[in-house]
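Taking it in order: structure first as structure tokens, then the write-up.
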Ligand SMILES: NC(=O)c1ccc[n+]([C@@H]2O[C@H](COP(=O)([O-])OP(=O)(O)OC[C@H]3O[C@@H](n4cnc5c(N)ncnc54)[C@H](O)[C@@H]3O)[C@@H](O)[C@H]2O)c1
């Protein structure tokens, strides 16, 4: 008898679509899932090329009989097996997210999908409806919500620690598309700059959605109106590589976002500043273990992850004692730990809080991209940016 059986430990199984040889985020999902040992990879359709799928399956120890030519075949066959996967992880380019997610939801399989959720508002609405009907779990991996100090920021703000929010300033500058690297065959650049695979936007869809989610997740603010200017600096590129977005939220708060992939000198410099009537905070993705917190009339404080003075959820999301750096992999693993715990508790009919971003957050992101492109196409006209799906 297997050891797991002896201990009666519930372990999940999953399959992956995408994440083949040379891919960027697929291996990160697998590493994050391996960190807590709650789920085992047993099936896959890892690439659009079957040779690559076979190569990946061999390297990852997935049996040939559960290695599939297409995601449709995988959804069908896995749903017919008694020991079929508990959930699927979708790490393909954006254009496939909708069809893959739909295929698995329709066959009763839980879904994890990377952002952006899908390409159009109609697709987002349909996925949302399917999730509500099937009552399946659906996580959208907004990675940055997995950092302990993002959880801390959320608690500080939501507990009124900054007073009433007045101003949000967020930016996500990168430099990697400052040259036409898509013309050199760079896999990640090629599809991100193609409307067929990326959708109506490159930079706003790819990294602007992270800002939108981070702001909503931490502050709870709902966008009411926005004005966006999307630009393309690299000649011949079909989609935006730089964007400015001005926002008004319900209530009195306002904000500005800067998204760029041509910002020479920057690596992955996502930064969030939130300013309220009583204080302000500043979080930077490249130093994710800290928050700068200013309270009116008091000196600036540096809060650091893993400490007992932090809120409970933030402490839960820290895996190591203070001063031991944690990063991107751990943030991803924190999301997966929350997701897997939810599935395991479901199997045991136990109610558990949902500590991960879901299909509704994904739909909000899709609406945001759509609004930014609409505003920009109308000469940066201020438009209704509210989310009413
Ligand atoms: N959460 C984050 O921080 C984060 C970071 C990077 C990428 N992403 C998202 O993850 C997704 C993947 O991005 P990436 O940079 O890893 O892309 P990538 O180009 O590196 O990898 C995509 C993989 O999908 C496979 N694929 C393509 N068509 C397929 C099909 N029909 N069936 C099976 N597999 C197929 C490719 O062969 C490849 O292995 C994108 O939606 C992107 O926006 C999210």
So what's the range 320-389 giving for Cα Rg divided by 2.2 N^0.38 Å, two decimals?
1.67
Fewest to most Cβ atoms within 10 Å: 71, 387, 46 sort as 387, 71, 46
Mind putting together the pair-distance distribution for the range 3-136? All Cα pairs, 10 Å bins, whole percent per bin, short to long.
12, 44, 34, 9, 1
For the range 168-211, what is one quarter of the convex hull surface built on the Cα atoms, given in nm²?
3.4 nm²
Sorted on mean Cβ neighbours within 10 Å (highest first), peptides 177-184, 288-295 come out as 288-295, 177-184
antiparallel share of DSSP beta bridges within the chain, to nearest 5, in %, is 60 percent
When only Cα pairs under 8 Å and 6 or more residues apart are kept, what is the percent relative contact order across the chain?
19 percent
Cα gyration tensor of the range 21-99 - equivalent ellipsoid semi-axes, whole Å, descending:
17, 16, 14
Estimated distance in nm for a label pair at residue 277 and residue 60, the labels positioned 7 Å out from Cα along Cα-to-Cβ
5.1 nm
Test of understanding: what is the full-extension gain from residue 129 to residue 77, defined as 0.36 nm times their sequence separation minus their Cα-Cα distance?
16.3 nm
Please sort 376-385, 160-169, 144-153, 326-335 by packing, taking for each peptide the average over its residues of neighbouring beta carbons within 10 angstrom, highest first.
144-153, 326-335, 160-169, 376-385
So what's Rg/Rh here for the range 287-350, counting alpha carbon atoms and using the Kirkwood radius for Rh?
1.11
Starting from a Cα-only point model with no solvent, please compute log10 I(q)/I(0) by Debye for the chain at q = 0.09 1/Å.
-0.53
Expressed in nm to one decimal, what extension gain is obtained for the pair residue 349 and residue 49 from 0.36 nm per residue of sequence separation less their Cα-Cα distance?
104.0 nm
Given the alpha-carbon gyration tensor of the range 82-168, what are the semi-axes of its equivalent ellipsoid in whole angstrom, ordered largest first, with each equal to the square root of 5 times an eigenvalue?
31, 15, 13
Going by average Cβ neighbours within 10 Å, how do the peptides 266-274, 347-355 rank, with the highest at the top?
266-274, 347-355
Between residue 300 and residue 224, Cβ-based FRET efficiency (R0 30 Å, step 0.05) works out to 0.45
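Coordinate-derived values only; no laboratory data. Being a predicted model, the structure only gives us computed values, none of them experimental. Positions of Cβ are generated from backbone atoms using ideal geometry, with glycine treated the same way; all protein chains shown enter the neighbour counts.
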